[in-house]
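Q: Please find one structure pasted underneath; my questions will follow.
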Amino acid sequence: MSEQFYPFKQIEAKWQKKWEKKGLFKMDPVSPKEKYYCLMMFPYPSSALHVGHGRNYIIGDVVARYKIMRKFNVLAPMGWDAFGLPAENAAIKSGIHPKTSTLNNIKTMKKQLNAWGAGYDWGREITSCLPDYYKWTQWIFLQLYKKGLAYKKKAAVNWCPSCQTVLANEQVVDGGCERCSAEVEQRKLEQWFFKITDYSQRLLDDLFLLKDWPERVRLMQKNWIGRSEGVEIDFKIADSDVVLPCFTTRVDTIYGAAYMVLAAEHPMVDDLINGHGNEKDIRKFINDVKKESVIDRVSATTEKKGIFTNRYVINPVNNRKIPLWIANYVLMEYGTGAVMAVPAHDERDFDFAKKYGLSIEVVIDNPKGSLDAKTMKEAYIEEGVMVNSHPFNGIPSLDAIEKIADYMEKEGIGRRKTHYKLRDWLISRQRYWGAPIPIIYCDKCGIQPVDEKDLPVLLPEKIKFSAKGGSASDGKPCTESPLKHAKSFVNTKCPKCKGRATREIDTMDTFVDSSWYFLRYLSPKDKKKPFDKKVVDKWLPVDQYIGGVEHAILHLMYSRFIVKVLYDMNHIGFKEPFAKLFTQGMIVKDGAKMSKSKGNTVSPDKLINKYGADTVRFYTLFIGPPEKDAEWNDRGMEGAWRFLNRVWRLVDRRPSSVSRIPSAKNKIPPLKRKTHFTIKKVTEDMEGAFHFNTALSAIMELVNEIYKFTEYGIRNTEYGKAVEIVIILLAPFVPHIAEEMWEKTGNERSVFEAEWPGYDKDALVEDSITMPVQINGKVRTKIEIASGTTDDEIKNIVLRNPVVNKWTQGKPPKKVIVVKGRLVNLVV
RNA sequence: GCCGAAGUGGCGGAAUUGGCAGACGCGCUGGUCUCAAACACCAGUGGCCGCAAGGCUGUGUGGGUUCGACUCCCACCUUCGGCACCA
């Protein structure tokens, strides 16, 4: 029986069923084999997956299957990051409860994952919106609360007017909401925070342990943490005993401080301007600044504006009296909200000083040519030699940073300090579809955490989450958490005094859900505890984590933080969650990221129906190096499809036995060597950078060689071996067709139980090699050299070569360079 | 502005302890098979000159190091990603 195309539909259904029955992806908790935890970032259950999402699961599946073949005890679980805004927003419009739509979406996506042939240990499935999961998310909150790492404060927070909720700093992109792009406003609200800033230094230090993370992700985290070292200097206010500390990283420029600037929100501003003239204008200025949008406040391009306070401060190193200003470009959240300005050596200060006619003095000279404060066009921010800074004149400014810091600490006018850009993690959300924060407010006892034994705090299912509180479909979200109106939820008893009390109505940011899920997979059904220390200590850190680079900061930083907290509380015995990270590139279509709103998504369902899952997998893997973005092209599918059919015919149909006489050009290939070379190449790609595209080309080359072989009607053991190797090497990539071919060639057990082949180094050695001969670096001819020929012999052969003689015109070359196994170059 | 990655045929991409640029695939051209097509198979395919043999040229641009540079160094251009008044 030989059909035109291979019957992928039958084959894929057959093997998907068999793997499930056999439990190919079931992790064995008692196996003596070495563990391998292969994790893909769990998806948010949106309506359906497209081929861009597919890349993530296909890569993960290839890795898991490969490790199974390498006889590891593999854990490849899957779950759902199921809380979140989109489901709630959809509910406001459609009236369908988020739980209903989410669980429906999960069903669809699960089907899609199966259709791709992606294998998971479904017995360990987790769903973050179900009480048996979020009970433990609440437990995590309580642990942080216990440690003083969860706290409530009234703070200026990022508010998205369209989503009607606050956002974490990490969720504000270019001054807009990362989800809906609406311009973010600042609001003062009572909110819950996680004190991630306590872990700034450790999050930074341990980045250096993560050698198997992409460099760029480590860099992004490093920049986000934003550590900088400097000195906090005390400036005394003139005619007062009040001290105004300010932070600088450039203490070497202290003698050039021309004025000082405060943020408009600085707490001392009010006292300072009180009764010192011009008060009205100053207050107006401050109000104007506070009204500026978030985008303008943080943009480096916004024009710098300021106003003089009529007050002065004293520079402690030279007792100079310098003016005190208020300006829009100083941030209250960083440092002390007060900045010393050195116009000659800071761009911002330079612009500001020019605008308002403030003095400029050079205190660090350019070694390449003296600076003149009167003529300079821009600030000189490089290092240089100290001037006008008695007693530090003449020394390099880099040294001066240390010397002046020492001096200040000795004199007690300043102290070394380290600052971070990282801010605390705002976790409150004024929305319904999230895990309730397990906190109770009692008039008598104040803020009380819910007792652990009373978890979970159930999210009420009957809820009205529209603005009017009436129908569920008037299209507008509430301005407060919809939980506010759920009386049976809100009204409760105080855990301490048993008196009447109310519950916190905000829910947690979904990033809290996803910052610990990788622990839950090890005991997804445990009703007594979130995870078992012994088991997670055995299985974590995750050996290979795979996901999109868009999570480089948010999810990956939060997870690292939560793991460190749990470690400190001795709940777990490891400090980092993910040993190895692979961030795959996006698949784009027509130059843009695939998205429903752009209408450029490619659905896998149709393609799988037309070509089969293996073809879709093959093309997705062949499209390019997986860490890079790639352009999807439906045509490319044809090539993958053709190849799989070509492979199929190797075992399905006896290739035509037309005997041919090998021509000189088309000599019978050394199949054994090619086979071993391919094993080497594919194994290296699997173990190394995951360059599946080159692994697949190598296999294609081998198949091409096999075909050349069959043209001559030769079917010897070398041939049989090569076909067997092709099937095994293809198995992780295109598992269904590989299994079927494996069975057809007489194997009874699954190809995933087969031994991954090793290669024979001796088989890689060639009898003879073709060496290019260069003359002055240009290839002029090629010679056939038996392997093992000495350099001298090669030289002789080359010098006798007629083509070479034509070019050298018989003259002896100046130099002959023989590169072993590579080429020969003659210099004439 | 700062930090990072990248730039190679018509297209996706391959090749770096410096050593045959364009593997593999898509597309295209010609052929075999067929009544015809589909499928498959064979041959060709960076550009320019040439009937051919062969030659010249070619990895974003301009320099440099080297017997030899996609690969290393210097300067620049472009694209993408991150950060962005952090003192």
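Q: Run down A:Ala238, A:Ala257 and say which single residue is surrounded by fewer than 19 Cβ atoms within 10 Å (Cβ to Cβ) and more than 30 Å from A:Leu167 (Cβ to Cβ).
A: Exactly one residue qualifies, and that residue is A:Ala238.
Q: Let me ask another. Pairs needed: first member in segment A:616-628, in contact (Cβ under 8 Å) with a residue 24 or more places away in the chain; second member anywhere, among the basic types (Lys, Arg) and more than 10 Å from RNA strand B (Cβ to nearest atom); C-beta distance under 9 Å; at least 6 residues apart or different chains.
A: A:Thr620/A:Arg55; A:Leu621/A:Arg55; A:Ile623/A:Arg55; A:Pro626/A:Arg55
Q: Moving to a separate point now. Report whether or not A:Phe733 is within 16 Å of RNA strand B (Cβ to nearest atom), aromatic (Phe, Trp, Tyr) and within 30 Å of A:Ile58 (Cβ to Cβ).
A: Taking the combined requirement at face value, the residue satisfies it.
Q: Would segment A:341-348 turn up any residue that is within 23 Å of A:Val242 (Cβ to Cβ) and within 43 Å of the chain's Cα centre (by Cα)?
A: yes
Q: Could you check how many residues of segment A:583-592 are crowded, with 16+ Cβ neighbours inside 10 Å and either small (Gly, Ala, Ser) or at pLDDT 95 or above (or both)?
A: Selection size over segment A:583-592: 1.
Q: Which residues, counting only those in segment A:435-449, are out of contact with any helix residue (DSSP H, G or I) (no Cβ under 6 Å at 6 or more places or on another chain) and either within 16 Å of RNA strand B (Cβ to nearest atom) or touching a residue at least 24 places away in the same chain (Cβ under 8 Å) (or both)?
A: The answer is A:Pro436, A:Ile437, A:Ile439, A:Ile440, A:Tyr441, A:Cys442, A:Asp443, A:Lys444, A:Cys445, A:Ile447, A:Gln448.
Q: Then there's this: Looking only at residues in segment A:76-88 that are of a type outside the set (A, V, I, L, M) and not in a helix (DSSP H, G or I), which one is surrounded by the most Cβ atoms within 10 Å (Cβ to Cβ)?
A: A:Phe83
Q: Considering only residues that are in a strand (DSSP E or B) and more than 9 Å from RNA strand B (Cβ to nearest atom), look in segment A:230-240 and name the one that is nearest to the chain's Cα centre (by Cα).
A: Of everything passing the filter in segment A:230-240, A:Glu232 is nearest to the chain's Cα centre (by Cα).
Q: Can I ask one more? Checking A:Thr102 against (1) buried (at least 20 other Cβ atoms within 10 Å of the Cβ); (2) touching a Phe, Trp or Tyr at 6+ places or on another chain (Cβ under 7 Å); (3) modelled with pLDDT of 95 or more, which single condition isn't satisfied?
A: So the condition that A:Thr102 fails would be (2).
Q: Search segment A:753-811 for residues being in contact with a His (Cβ under 6 Å, 6 or more places away or on another chain) and part of a helix (DSSP H, G or I), and hand back the single one that is farthest from RNA strand B (Cβ to nearest atom).
A: A:Ala763
Q: Oh, and also: Could you give me the residue pairs with C-beta distances under 8 Å whose first residue belongs to segment A:261-276 and is within 15 Å of A:Val313 (Cβ to Cβ), whose second residue is among the acidic types (Asp, Glu) and at pLDDT 90 or above wherever it lies, and which are 6+ apart or on separate chains?
A: none
Q: Could you list, in sequence order, the residues of segment A:550-561 that are in contact with a Pro (Cβ under 8 Å, 6 or more places away or on another chain) and either within 11 Å of A:Leu519 (Cβ to Cβ) or surrounded by fewer than 21 Cβ atoms within 10 Å (Cβ to Cβ) (or both)?
A: Within segment A:550-561, just A:Ser559 meets the criteria.
Q: Let me ask something additional. Within segment A:612-621, identify whether any single residue is among the polar types (S, T, N, Q) and farther than 15 Å from A:Ile59 by Cβ, and answer yes or no.
A: Yes, because at least one residue in segment A:612-621 is among the polar types (S, T, N, Q) and farther than 15 Å from A:Ile59 by Cβ.
Q: For segment A:337-371, give me the residue count where each residue is more than 14 Å from RNA strand B (Cβ to nearest atom) and touching a residue at least 60 places away in the same chain (Cβ under 8 Å).
A: 5
Q: Here's something else I'd like to know. Would you mention how many residues in segment A:570-610 are β-branched (Val, Ile, Thr) and under 20 Å from A:Met109 (Cβ atoms)?
A: Residues flagged as β-branched (Val, Ile, Thr) and under 20 Å from A:Met109 (Cβ atoms) within segment A:570-610 amount to 4.
Q: Here is a follow-up. Of the conditions (1) within 11 Å of RNA strand B (Cβ to nearest atom); (2) surrounded by 15 or more Cβ atoms within 10 Å (Cβ to Cβ); (3) closer than 25 Å to A:Asn747 by Cα; (4) at pLDDT 85 or above, A:Asn704 fails just one. Which one is it?
A: (2)
Q: Being within 9 Å of RNA strand B (Cβ to nearest atom) and at pLDDT below 90 is the filter here, so list the residues in segment A:639-657 that pass it.
A: Residues satisfying the conditions are A:Arg649, A:Pro655, A:Ser656.
Q: Kindly indicate whether A:Arg187 is closer than 30 Å to A:Val385 by Cβ, at pLDDT below 95 and touching a strand residue (DSSP E or B) at 6+ places or on another chain (Cβ under 7 Å).
A: So A:Arg187 fails the test.
Q: Further question: Step by step: first the residues of segment A:577-635, then only those that are at positive phi and small (Gly, Ala, Ser), then the one that is nearest to the chain's Cα centre (by Cα). Which residue is that?
A: The extreme case among them is A:Gly624.
Q: Now for a separate question. Go through the residues of segment A:132-154 one by one and say whether even a single one is under 28 Å from A:Lys421 (Cβ atoms) and without any contact (Cβ under 8 Å) to a residue 40 or more places away in the chain.
A: yes
Q: So, one more: At pLDDT 95 or above, aromatic (Phe, Trp, Tyr) and not in a strand (DSSP E or B): which single residue out of A:Tyr36, A:Tyr66 fits that description?
A: A:Tyr66
Q: What number of residues in segment A:707-730 are under 18 Å from A:His676 (Cβ atoms), within 11 Å of RNA strand B (Cβ to nearest atom) and either at pLDDT 90 or above or aromatic (Phe, Trp, Tyr) (or both)?
A: 1
Q: Hey, another quick one. Take A:Ala754 and decide whether it is within 26 Å of A:Thr615 (Cβ to Cβ) and surrounded by 23 or more Cβ atoms within 10 Å (Cβ to Cβ).
A: Against the criterion (within 26 Å of A:Thr615 (Cβ to Cβ) and surrounded by 23 or more Cβ atoms within 10 Å (Cβ to Cβ)), A:Ala754 does not qualify.
Yes or no, residue by residue, for (1) more than 30 Å from A:Asp252 (Cβ to Cβ); (2) among the hydrophobic types (A, V, I, L, M, F, W, C):
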residue	(1), (2)
A:Cys177	yes, yes
A:Phe193	yes, yes
A:Leu207	no, yes
A:Asp212	yes, no
A:Gly230	no, no
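Q: So, one more: Among the numbered criteria (1) basic (Lys, Arg); (2) away from RNA strand B (no atom under 16 Å from the Cβ); (3) surrounded by 14 or more Cβ atoms within 10 Å (Cβ to Cβ), which single criterion is violated by A:Lys280?
A: Every listed condition holds for A:Lys280 apart from (3).
Q: Moving to a separate point now. A:Gly688 passes all but one of (1) modelled with pLDDT under 90; (2) within 30 Å of A:Asp212 (Cα to Cα); (3) small (Gly, Ala, Ser); (4) more than 31 Å from the chain's Cα centre (by Cα); which number fails?
A: It is condition (4) that A:Gly688 fails.
Q: To continue, here is another question. Looking at segment A:289-310, is at least one residue among the charged types (D, E, K, R), part of a helix (DSSP H, G or I) and within 10 Å of RNA strand B (Cβ to nearest atom)?
A: Yes, that holds for at least one residue.
The values are calculated or read from the model by the stated rules, or taken from the named source; none is laboratory data. As the structure is a computational prediction, the values presented were derived from the model and not from experiment. Reconstructed Cβ throughout: ideal geometry from the backbone, glycine too, with neighbour counts over all protein chains shown.
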